[in-house]
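The values are calculated or read from the model by the stated rules, or taken from the named source; none is laboratory data. Since this is a predicted model, take the numbers as computed values, not measurements. Please note: Cβ atoms are built from the backbone with ideal geometry, for glycine as well, and neighbour counts cover all protein chains shown. Protein only, heavy atoms only, side chains kept; ligands, DNA and RNA dropped before computing areas. Shrake-Rupley method; radii C 1.70, N 1.55, O 1.52, S 1.80 Å.
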Amino acid sequence: MNQPVAPNSFRTGPDEQGMFGIFGGRFVAETLMPLILDLEKEWDAAKNDPAFRAELQALSTHYAGRPSKLYYAEGLSNHLGGAKIYFKREDLNHTGSHKINNCLGQILLAKRMGRKRIIAETGAGQHGVASATVAARFGFPCVVYMGATDVERQKPNVFRMKLLGAQVNAVSAGHGTLKDAMNEALRDWVTNVEDTYYLIGTAAGPHPYPEMVREFQSAIGNEARAQILEQEGRLPDVIIAAVGGGSNAIGIFHPFLDDKDVKIIGIEAGGRGLDGEEHCASMNAGRPGVLHGNRTYLLQDSDGQIKDGHSISAGLDYPGVGPEHSWLRDTGRVDYVPILDDEALEAFQLTTQKEGIIPALESSHAIAHAMKIAPTMRKDEIIIVNLSGRGDKDVHTVAGMMGMEI
Amino acid sequence: MTTRIDRRMAALKQEGRPALVTYFMGGDPDYDTSLEIMKALPKAGSDIIELGMPFSDPMADGPAIQAAGLRALRAGQTLKKTLAMAADFRKEDDETPIVLMGYYNPIYSYGVDSFLADAKASGIDGLIVVDLPPEMDEELCIPALKAGVNFIRLATPTTDDHRLPKVLQNTSGFVYYVSMTGITGSALPDTTNVAAAVSRIKAHTDLPVCVGFGVKTAEQARAIGASADGVVVGTAIVNAVANVIDGNGKMTANPAEAVATLVDGLARGVRRARLAPAD
């Protein structure tokens, strides 16, 4: 297996071919290639265009509510009796998660490119809601592909999308989760290539999406870095974020990658354990492969067929991961560890009780790891957890796991 | 060096008619039936065989080919078995070109070098890998050309004159013109647009141009074949198999016979393609 040597900087990727080491790239059908090259050109122009940046900044401030707070979770920290835990409150953004950061950036790009129809895939529905929201705000029709299983377990978000005027297409192929939704979104895109903008929700897919989504989400890490310096006068010891496709994680990680004393940990969905098939820990239990436009760690069988995986959290229920995470794993800069369904559920409940904050099940995976390591750390040490979304959407799932009916 | 594809295309050019290129899914509905279908194809008039490699996530395929791939995978098909199927076929037919068609991950998982060695030994002549555009040529295209296996590229309506040279650069065997943007099995495009597209591509290359996506009937095959060097039929063949499998996966008729009947009609279509309408 490739074990690349540590580069001088971890923040310079991808290269011109869209590669992070061996990961990333542009593995798409020819029909989409001209469009992806066009998107890359527009993105390169937009990211250096002061007018584009100013419009995004204004929307981030006045519409999404940025900057999000960096909150010292004193109740949880005291309860655990170790390191100080801070939450980066992405749950307080408009639409309730970090997804709006990326959607605002990409909708401005779609507008700039003159594309009038928005399509998106969604797992937990957070990205679908954020996409439907920006589409409503800018007056674009929006079609959201969502696995049939996820439609069932994320009903409130499905209804929100419909209220926002989006068409939600349930995808029953496979296990009816995020992977299947992404396949169907790609089929739509290849068919409607003339007028459609594919608003990918995570830092994955063909180049330039992984870089572009990372840049839009890096607001999280840039703010967190400035906020912790202001509040504590120093950088944190540990940063933790949950990784499905990995957009909230790369967003908070990236600005800290060259701070070598900051330990960075990504949390994968351990589901019901890595011994069986029911997890989504592609970087702990998978191997490199090619899916959805990029090379990355994937859950796959010996023939290279992609497995479905499982997580209690629809947002982590994906058998792959963004390519930059695969590279950060292989270079050793970031540790990726699994958290089980039950551990995430416990973190969900404890955070609700001790902080009066209902975290998304995705974010609960990251909190669960903080719960494990905080007691082993000194009281003057600092952990930042990316609280990527609020958990209102998950109350049905949690009630089910607790054996209750609501 | 020439491959079976080059020789077959040259012979058909002499004969003055387009090739009938038939796609079927390897291992659908099971290995033995699928091998029987494969053997029936040239006998019914197919000139080139596209052997589908099933993949769990066929992002450019419509419902028919998605379902066929899943049937094959459920019946235990693997890339190794697909190569074995080609080798079995070669025992009695050493002339009909075989092109493997599918997605990259099973090949990447197999290992590119061992895949090419085994494909060559199994009598494979060419590859169509949907998710490897020219930007990714170092992955498989260049190694395949070195190994003497044709790498057949797809050109689409979105491939403009500026991009065509890049798409054609390392293409060999033939160019597969996908006559519409969309997934496999969608509606047939206007044949006049197809003729214009074929001549646009031919202005950039001497390679034969085969046209696919949406061809279902003998008449459509004839119309497309009037301007193209080859007509590719896929979804209609896969549907002929699906139509004789009931909800419980039981065969209600012989799939190989169903496919042969369809292909026989299509073959008559392409053989009429260059005749004057009065004939």
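Ellipsoid fit via the Cα gyration tensor, the protein assembly as shown: semi-axes of 48, 25, 23 Å, each the root of five times an eigenvalue, largest first. Residues whose amide H comes within less than 5 Å of that of residue B:151, counting only those at least five positions distant or on another chain, are B:127, B:172 (H built at 1.01 Å from N in the peptide plane).
Among A:111, A:116, the order of accessible area from largest down is A:116, A:111, computed with a 1.4 Å probe on protein heavy atoms.
Over chain B, what is the mean sequence separation of C-alpha contacts under 8 Å (at least six apart), divided by residue count, expressed as relative contact order in percent? Intermediate results must be reported in sequence, preceding the final value.
Values: 538 pairs, mean separation 64.4, N = 279.
Worked out over chain B, it gives 23 percent.
Once you sort the root eigenvalues of the Cα gyration tensor of the range B:4-271 as a ≥ b ≥ c, which label holds: rounded (a/c under 1.5), prolate (a/b larger than b/c) or oblate (the other case)? Rounded shape, in that the Cα axes give a/c under 1.5.
When the helices in chain A are scored as -39500 (n - 2.57) per DSSP H run of 4 or longer and the sum is shared across all residues, what 222 nm value do you end up with, to the nearest 500 deg cm²/dmol?
Numbers: 15 runs with 167 residues, N = 406.
My calculation for chain A gives -12500 deg cm²/dmol from helical runs alone.
Just check the range A:294-406 against the gyration tensor rule for me: Cα atoms, a ≥ b ≥ c as the square roots of the eigenvalues, rounded for a/c under 1.5, and otherwise prolate or oblate depending on whether a/b exceeds b/c.
Oblate, since a/c reaches 1.5 and b/c is not below a/b.
When +1 charges are put on Lys and Arg Cβ atoms and -1 charges on Asp and Glu Cβ atoms, the dipole computed for the protein assembly as shown relative to its Cα centre reaches about 1020 debye.
For the range B:4-271, which whole-number percentage of the solvent-accessible area (1.4 Å probe, protein heavy atoms only) is attributable to carbon and sulfur atoms? List each step's numbers first, then the result.
Values: 4790 of 9360 Å².
Taking all protein chains in place, the range B:4-271 shows 51 percent carbon and sulfur surface.
A simple charge model with +1 on the Cβ of Lys and Arg, -1 on the Cβ of Asp and Glu and nothing else charged puts the dipole of chain B at about 500 debye relative to its Cα centre. In the range B:69-110, burial by the other protein chains removes 40 Å² or more of accessible area from B:105, B:108, B:109, compared with the chain on its own (1.4 Å probe, ligands and nucleic acids ignored).
Please go through the residue pairs A:84/A:354; B:43/B:91; B:43/B:80; B:120/B:146; B:166/B:202; B:39/B:81 and name each one whose alpha carbons sit more than 18 Å apart in this structure. Could the numbers behind the result be given before it?
Working: A:84/A:354 14 Å; B:43/B:91 15 Å; B:43/B:80 25 Å; B:120/B:146 11 Å; B:166/B:202 14 Å; B:39/B:81 16 Å.
Table pairs above 18 Å Cα-Cα are B:43/B:80.
Dipole of chain B (Lys/Arg Cβ +1, Asp/Glu Cβ -1, origin at the Cα centre): which of B:141, B:197, B:73 lies farthest to the positive side? Farthest towards the positive pole: B:197. Mean projected area of the convex hull spanned by the Cα atoms of chain A, taken over all viewing directions: 18.4 nm². Going from the chain on its own to the full set of protein chains, the range A:304-329 has these residues losing 20 Å² or more of accessible surface (heavy atoms, 1.4 Å probe, no ligands, DNA or RNA): A:304, A:305, A:306.
Of the residues A:264, B:245, the one with the largest accessible area comes first in the ranking B:245, A:264, computed with a 1.4 Å probe on protein heavy atoms. With R₀ fixed at 45 Å, the C-beta to C-beta distance from residue B:2 to residue A:116 puts the FRET efficiency at about 0.40. Size check on the range B:46-126: the Cα extents along the three principal axes, sorted descending, read 33, 30, 22 Å. Computed over protein heavy atoms with a 1.4 Å probe, the carbon and sulfur contribution to the accessible area of the range A:243-306 reaches 40%.
How large, in Å, is the range A:279-345 by the Kirkwood hydrodynamic radius built from its alpha-carbon pairs?
Values: mean 1/r = 0.0814 Å⁻¹.
For the range A:279-345, the Kirkwood estimate is 12.3 Å.
Once fully extended, how much extra length lies between residue A:396 and residue A:301, figured as 0.36 nm per residue of separation less the alpha-carbon to alpha-carbon distance? The partial results should precede the final answer.
On the way: separation 95, 0.36 × 95 = 34.20 nm, distance 3.25 nm.
My answer for the length gained is 31.0 nm.
Solvent-accessible surface of chain B, taken per residue with a 1.4 Å probe and all protein chains present: 37 Å². Considering helices alone, the calculated mean residue ellipticity of chain B at 222 nm is -13000 deg cm²/dmol, with DSSP H runs of length four and up weighted by -39500 (n - 2.57) and normalised per residue.
Ligands, DNA and RNA excluded, the heavy atoms of residue A:85 present near 0 Å² of accessible surface to a 1.4 Å solvent probe.
In whole angstrom, the range A:1-85 maps to an equivalent ellipsoid with semi-axes of 35, 26, 13, each derived as √(5λ) from the alpha carbon gyration tensor and ordered largest first. The amide H of residue A:294, built 1.01 Å from its N in the peptide plane, has A:27, A:205 as neighbours under 5 Å, considering only residues 5 or more places off or on other chains. Near the amide H of residue A:11, within less than 5 Å, lie no amide hydrogens of residues on another chain or at least 5 residues away, with H placed in the peptide plane.
May I ask you to list, by number, the DSSP H helices of chain A whose Cα span along the axis is at least 15 Å and whose average Kyte-Doolittle hydropathy reaches -1.0 or more?
Working: long enough: A:33-47 (21 Å, -0.19); A:99-112 (20 Å, 0.11); A:126-138 (18 Å, 0.41); A:178-191 (20 Å, -0.48); A:209-232 (34 Å, -0.73); A:341-355 (21 Å, -1.05); A:361-373 (19 Å, 0.36).
Helices meeting the span and hydropathy rule in chain A are A:33-47, A:99-112, A:126-138, A:178-191, A:209-232, A:361-373.
Within the shell of other residues whose beta carbon sits under 15 angstrom from the beta carbon of residue A:380, the net charge comes to -1, with Lys and Arg scored +1 and Asp and Glu -1. Sequentially through the range B:232-248, phi angles give Karplus couplings (6.51, -1.76, 1.60; θ = phi - 60°) of 9, 10, x, 4, 4, 6, 4, 5, 4, 6, 4, 5, 9, 10, 7, x, 9 Hz, Gly and Pro residues having no value and appearing as x.
In the range A:162-187, burial by the other protein chains removes 50 Å² or more of 1.4 Å probe accessible surface, compared with the chain on its own, from A:187.
If we count every other residue with Cβ under 13 angstrom of residue A:184's Cβ, Lys/Arg +1 and Asp/Glu -1, where does the sum land?
Values: positive: A:179, A:187; negative: A:121, A:150, A:180, A:188, B:57, B:61.
Once all neighbours under 13 Å are counted, the net charge is -4.
Put simply, chains B and A cover up around 2700 Å² of each other's accessible surface, both sides summed, when a 1.4 Å probe is used. Each DSSP beta bridge with both residues in chain B is either parallel or antiparallel, and the antiparallel ones are about 5%.
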